[in-house]
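Comments concern the structure below.
The values are calculated or read from the model by the stated rules, or taken from the named source; none is laboratory data. These figures come from a predicted structure and were not determined experimentally. For neighbour counting, all protein chains shown are included, and Cβ atoms are generated from backbone atoms with ideal geometry for every residue, glycine included.
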Amino acid sequence: MKSAVETLNPTRVRLSIEVPFEELKDSLDAAYKKINRQVTVKGFRKGKIPARVIDQRFGRGAVLEEAVNDALPKFYTEAVNEGELNVLGQPEVDITELKDGELLAFTAEVDVRPEIEIPDYSGIEVTVDALEVTDEEVEKAVEQLRERFAATNPVERAAADGDVVTIDLEAKVDGEVLEDGVADGVSYTIGSGELLDGIDEAVTGLEAGGEATFTSELKGGSAEGKAAEVTVKVTAVAARELPELDDDFAQMASEFDTLEELKADSRKRLETTKQYDQATQAQERVLEELLKLAEVPIPEKLLADEVQTRKHNLEHHQLGQMGLDLEKYLEIQGKTLEEFENETSEQAIKGIKTQFILDELVNKEKLNVNQEELTEHLMRRAASSGMSPDQFAQAVVEGGQVPMLVGEVARGKALAVVVEAAKVVDTNGEVVDLEDDEDTAEAATETTEAPAQAATEDKAEDKAEEKNEA
């Protein structure tokens with residue numbers, strides 16, 4: 001076999017491959033065997049039909065076609081390896097010459113990973129939010145905990161903001177009660193905004209037994225989006241009573257003996273959360289600067305495939321789970337289809353550039369991924385997909401997605417290398433040291449959004465769905 005590589009552009013090549021006919025012998029033998037198993041010729045046992053009879057009865061062309069289809073992947077792979085090419089996706093193959101007994105010649109155009117020069121990233125400087133926890137934030141956290149331990153007690157008075165009311169609802173459209181427009185015994189906290197627009201005003205001031213009618217746009221059901229006449233009847237009113245903020249509350253709501261200890265723990269938890277947020281900010285902003293420094297050609301077909309994958313994931317997974325279609329989603333977002341497609345393309349370009357640059361850094365820095373790092377990453381991926389770790393791991397293995405997960409972790413480590421070399425300061429001008437932050441590596445992995453990531457979760461979820469259906 002002879003092969004030559006022609007560079008069409010920085011991200012695409014054409015392979016020209018010539019195969020002497022004698023090198024097709026194994027594929028020709030396999031073609032005859034396959035046809036033997038599929039056809040019947042009177043006077044010959046199945047599987048024992050001579051090659052000359054197959055040629056006469058079914059044509060030599062059918063045999064050659066079968067042999068070529070069998071041989072092309074093998075010779076293409078040999079040419080790729082011989083040319084030391086890092087190919088992306090499937091090739092476009094064109095048979096240019098096929099002379100029986102003499103020669104097979106074909107070309108294969110395929111996208112390749114572009115050569116990237118890693119820029120000097122030592123001068124990158126970014127600013128992140130300062131690590132400050134205010135007394136107001138601590139008080140808010142404690143107040144939220146207090147809300148969780150609130151008690152509700154029936155009262156004989158008009159309903160007011162913050163009260164919990166039990167209500168019956170009936171919705172009509174064009175004077176007709178909807179089949180799914182009746183609900184009894186619904187518990188609703190006034191002011192929560194969890195039901196229909198206008199309901200807070202309707203029930204405020206009503207005592208048990210009182211009712212009101214108002215007009216509201218339905219948010220779901222058979223008449224979603226239509227204006228309905230809604231009748232609401234209050235059957236019970238309960239007041240929410242918050243526990244006193246004292247040491248007794250601290251002992252009831254936590255493992256601490258005093259309110260001051262509870263507040264100190266709340267402050268510590270807030271600091272930990274802000275440390276992670278600060279690390280994530282640093283990763284994101286350093287990555288943005290790194291992408292600005294590097295020139296990265298984008299393969300057109302890879303970009304088109306990535307855009308399509310992102311659209312598929314949004315429509316069939318995220319929106320599907322929310323009961324929305326793309327048209328409704330765009331309406332809610334206030335975007336046109338053109339704006340959505342432009343944004344999706346920009347995100348895809350960023351994802352591809354990120355993967356290319358960080359993969360190059362992985363090779364340059366000779367970064368490896370150990371089993372513990374891979375397991376931790378798999379656990380996070382499982383949690384984000386809503387699957388159990390065992391279920392997710394099995395789906396990933398069966399789908400051949402383990403290399404993708406390894407790549408995600410390696411890219412996170414590569415970005416951590418860049419962050420370590422960068423200067424990170426907070427909004428107060430203080431230098432932020434992220435080296436000892438145990439969340440830095442995790443934040444880096446989550447930040448390095450790459451095409452493989454969405455595809456991994458998507459395929460794993462599909463695998464899990466197939467198993468459940470079976």
* Criterion (closer than 18 Å to Thr354 by Cα and touching a His at 6+ places or on another chain (Cβ under 8 Å)) met by exactly one of Glu365, Glu408 -> Glu408
* Flag if Glu18 is surrounded by 15 or more Cβ atoms within 10 Å (Cβ to Cβ) and charged (D, E, K, R) -> yes
* To do: Sort out which residues of segment 293-343 are hydrophobic (A, V, I, L, M, F, W, C) and more than 20 Å from the chain's Cα centre (by Cα), and write them in order of number.
  => Leu293, Ala294, Val296, Ile298, Ile332, Leu337
* Asked: Exactly one of (1) touching a helix residue (DSSP H, G or I) at 6+ places or on another chain (Cβ under 8 Å); (2) surrounded by 15 or more Cβ atoms within 10 Å (Cβ to Cβ) is unmet by Phe356. Its number?
  -> (1)
* Might you check whether a residue that is in contact with a Gly (Cβ under 7 Å, 6 or more places away or on another chain) and touching a residue at least 60 places away in the same chain (Cβ under 8 Å) occurs anywhere in segment 306-321? => yes
* Which residues, counting only those in segment 105-117, are out of contact with any helix residue (DSSP H, G or I) (no Cβ under 6 Å at 6 or more places or on another chain) and either β-branched (Val, Ile, Thr) or buried (at least 17 other Cβ atoms within 10 Å of the Cβ) (or both)? -> Phe106, Thr107, Val110, Val112, Arg113, Pro114
* In segment 253-296, what residues are of a type in the set (Gly, Ala, Ser) and assigned to a helix (DSSP H, G or I)? -> Ala253, Ala264, Ser266, Ala279, Ala282
* Of the residues Thr215, Thr258, Thr272, which is free of Cβ contacts under 8 Å to residues at least 24 places away in the same chain and in contact with a helix residue (DSSP H, G or I) (Cβ under 6 Å, 6 or more places away or on another chain)? -> Thr258
* From the list Gly209, Gly198, Gly221, Gly205, pick out the single residue that is at positive phi, of a type outside the set (Ser, Thr, Tyr) and in contact with a Gly (Cβ under 9 Å, 6 or more places away or on another chain). => Gly221
* Structure fact -> Exactly one of Leu145, Leu131, Leu72 is assigned by TED's automatic domain parsing to the domain that holds Ser16 and of a type in the set (A, V, I, L, M, F, W, C), and that one is Leu72
* Got a sec? Which of Ala160, Ala130, Ala171 is of a type outside the set (Phe, Trp, Tyr), outside any strand (DSSP E or B), in contact with a strand residue (DSSP E or B) (Cβ under 6 Å, 6 or more places away or on another chain) and over 30 Å from Lys25 (Cβ atoms)? -> Ala130
* **Check on Leu262, of a type in the set (A, V, I, L, M) and under 30 Å from Phe149 (Cβ atoms)** => yes
* Asked: Which condition number does Thr215 fail, the rest of (1) part of a strand (DSSP E or B); (2) not assigned by TED's automatic domain parsing to the domain that holds Ala171 being met?
  -> (2)
* Could we say that Glu179 is over 30 Å from Asp135 (Cα atoms) and not in a loop (DSSP other than H, G, I, E, B) here? -> yes
* Asked: Could you say whether any residue in segment 359-382 is among the small types (Gly, Ala, Ser), out of contact with any helix residue (DSSP H, G or I) (no Cβ under 7 Å at 6 or more places or on another chain), farther than 27 Å from Pro119 by Cβ and without any contact (Cβ under 8 Å) to a residue 60 or more places away in the chain?
  -> no
* Asked: If Glu6 satisfies every condition in (1) among the acidic types (Asp, Glu); (2) free of Cβ contacts under 8 Å to residues at least 40 places away in the same chain; (3) surrounded by 12 or more Cβ atoms within 10 Å (Cβ to Cβ) but one, which is the exception?
  -> (3)
* Structure fact -> Going through segment 46-100 in order, the residues found to be at pLDDT 90 or above, loosely packed, with under 12 Cβ neighbours inside 10 Å and in a helix (DSSP H, G or I) are Asn69, Pro73, Thr77, Asn81
* Structure fact -> Here the residues within segment 130-171 that are β-branched (Val, Ile, Thr) and out of contact with any helix residue (DSSP H, G or I) (no Cβ under 8 Å at 6 or more places or on another chain) are Thr134, Thr152, Val155, Val164, Thr166
